[in-house]
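Report on the structure given below.
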Amino acid sequence: MVLDECHINCSLKCSALAYALENMDPSYEVIAFIDADAKPHSTWLRELVAPLSDPAIGVSTGNRWYLPVNASLGSLVRYFWNAGAIVQVWYNGLAWGGSMALRRATIDKLGIIAAMRKSFVDDGVVVLQTKAAGLRAQFVPTVIVPNREDISIASFAPWSARQLVAARSSGSGWFMVLFHAYSIGVCVFVPPVLLLIGFAFENRNLLNLGIVLITLYWIVVVLSTLGIEAGMQRVFQRNGVTASWLGIRAVLYYFPAAVLSHLVYFIALIDASFRRKLSWRGIEYSVSSEDKVSMVQYRPYVEGRCESKSLV
């Protein structure tokens with residue numbers, strides 16, 4: 001399908017999805033969503049749809065897991081960011097639109113098409129609508145899709161800010177994002193403060209406590225991420241996906257990237273908390289203080305070039 005007319009009070013993705021859902025043959029019982037850059041394995045669809053046989057499940061979902069080919073510092077920073085995000089998605093019963101399925105009856109009954117036309121992200125509005133109806137999201141680990149894209153630190157910072165603006169604008173899980181950031185902030189900043197106080201006042205107990213807490217936190221960060229990586233490797237091997245990427249370069253960058261990911265995360269969170277304009281795939285959006293979305297500049301695709309037109 002080709003989108004004839006985009007709505008300016010939602011993202012272009014939501015506008016396109018709403019159009020496709022509205023014009024789809026009503027005989028289809030289940031609708032599956034997958035990002036264009038995702039590479040599903042042969043049984044992806046069957047495993048994604050299976051949980052929907054339970055009427056208590058409103059949406060089934062997977063996620064993405066980064067397998068950076070070049071293992072650059074920027075790619076590894078995003079890898080650690082995603083490792084934290086994927087746990088939040090699972091624990092808080094959220095969904096990820098790049099690997100997601102709903103019953104058509106659920107979409108129609110809950111007015112998800114109309115809600116998408118007022119939203120910046122598709123998955124956030126799906127979670128809000130399904131939870132309001134007493135339905136839950138089912139996380140399916142086997143439909144996590146690999147992503148081998150690389151990214152620089154300079155590109156990752158605005159990318160992560162956009163992800164957080166999306167969470168804020170949808171309202172889905174934003175409180176937990178803030179709570180998660182606050183908890184990490186305590187773990188990251190309190191031990192060094194204790195260390196400095198102990199050093200300044202020659203208090204050996206505080207000095208030792210600060211050293212122990214700093215050491216324990218970063219050991220837990222690295223080991224827990226490696227534990228998730230081991231689980232992802234088993235999933236991908238089961239799905240016939242080559243997932244080996246932890247070479248010498250990745251090992252050298254692993255711990256520095258873990259530390260840097262925290263810094264970038266806090267900067268992106270502060271940015272997202274106050275940001276009112278952002279760009280997604282070259283299209284400019286405005287997000288008001290009430291988290292209402294407006295497309296302010298649209299660049300329709302024309303083969304070989306992009307045309308731009310202002311909508312305000």
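The values are calculated or read from the model by the stated rules, or taken from the named source; none is laboratory data. Every value quoted in this text rests on a predicted model; they were computed, and no experiment measured them. Quick reminder, even Gly has a Cβ in these numbers, built from the backbone with ideal geometry, and neighbours come from all protein chains shown. In case anyone asks, the SASA skips ligands and DNA or RNA and just uses the protein heavy atoms, side chains included. Shrake-Rupley method; radii C 1.70, N 1.55, O 1.52, S 1.80 Å.
Miscellaneous remarks
- Residue within the stretch 209-229 that is more than 22 Å from the chain's Cα centre (by Cα) and small (Gly, Ala, Ser) present: yes
- Single match in PHE189, PHE199 (criterion: in contact with a Leu (Cβ under 8 Å, 6 or more places away or on another chain), in a helix (DSSP H, G or I), of a type in the set (Phe, Trp, Tyr) and open to solvent by 80 Å² or more (accessible area, probe 1.4 Å)): PHE199
- Residue match in the stretch 266-275 (condition: open to solvent by less than 60 Å² (accessible area, probe 1.4 Å), aromatic (Phe, Trp, Tyr) and under 19 Å from CYS187 (Cα atoms)): yes
- Condition check for LEU52: within 21 Å of VAL145 (Cβ to Cβ), at pLDDT 95 or above, among the aliphatic types (A, V, I, L, M) and open to solvent by less than 40 Å² (accessible area, probe 1.4 Å): yes
- Selection status of LEU45, closer than 30 Å to LEU252 by Cβ and in a helix (DSSP H, G or I): no
- Residues that are open to solvent by 60 Å² or more (accessible area, probe 1.4 Å) and within 21 Å of the chain's Cα centre (by Cα), drawn from the stretch 23-47: ILE34, ALA36, ASP37, LYS39, PRO40, LEU45
- Out of TRP245, TRP218, TRP280, sole residue that is open to solvent by less than 60 Å² (accessible area, probe 1.4 Å) and free of Cβ contacts under 8 Å to residues at least 60 places away in the same chain: TRP218
- Given (1) open to solvent by 10 Å² or more (accessible area, probe 1.4 Å); (2) in contact with a helix residue (DSSP H, G or I) (Cβ under 8 Å, 6 or more places away or on another chain); (3) assigned to a loop (DSSP other than H, G, I, E, B), index of the condition PRO68 fails: (1)
- Contacts under 6 angstrom Cβ, first residue in the stretch 202-215 being under 12 Å from PRO192 (Cβ atoms) and modelled with pLDDT of 90 or more, partner assigned to a helix (DSSP H, G or I) and β-branched (Val, Ile, Thr), 6 or more apart: LEU206/ILE197
- Condition check for SER27: in contact (Cβ under 8 Å) with a residue 60 or more places away in the chain, not in a helix (DSSP H, G or I) and not hydrophobic (A, V, I, L, M, F, W, C): no
- Within the stretch 48-65, considering residues that are in a helix (DSSP H, G or I) and over 19 Å from the mean Cα position of the chain (by Cα), the one farthest from VAL235 (Cα to Cα): SER53
- Verdict on ALA83 being crowded, with 21+ Cβ neighbours inside 10 Å and at pLDDT below 95: yes
- Test result for ILE151, touching a Ser or Thr at 6+ places or on another chain (Cβ under 8 Å), farther than 18 Å from ASN63 by Cα and of a type in the set (Val, Ile, Thr): yes
- Positions within the stretch 5-22 being touching a strand residue (DSSP E or B) at 6+ places or on another chain (Cβ under 7 Å), open to solvent by less than 40 Å² (accessible area, probe 1.4 Å) and not hydrophobic (A, V, I, L, M, F, W, C), in sequence order: SER11
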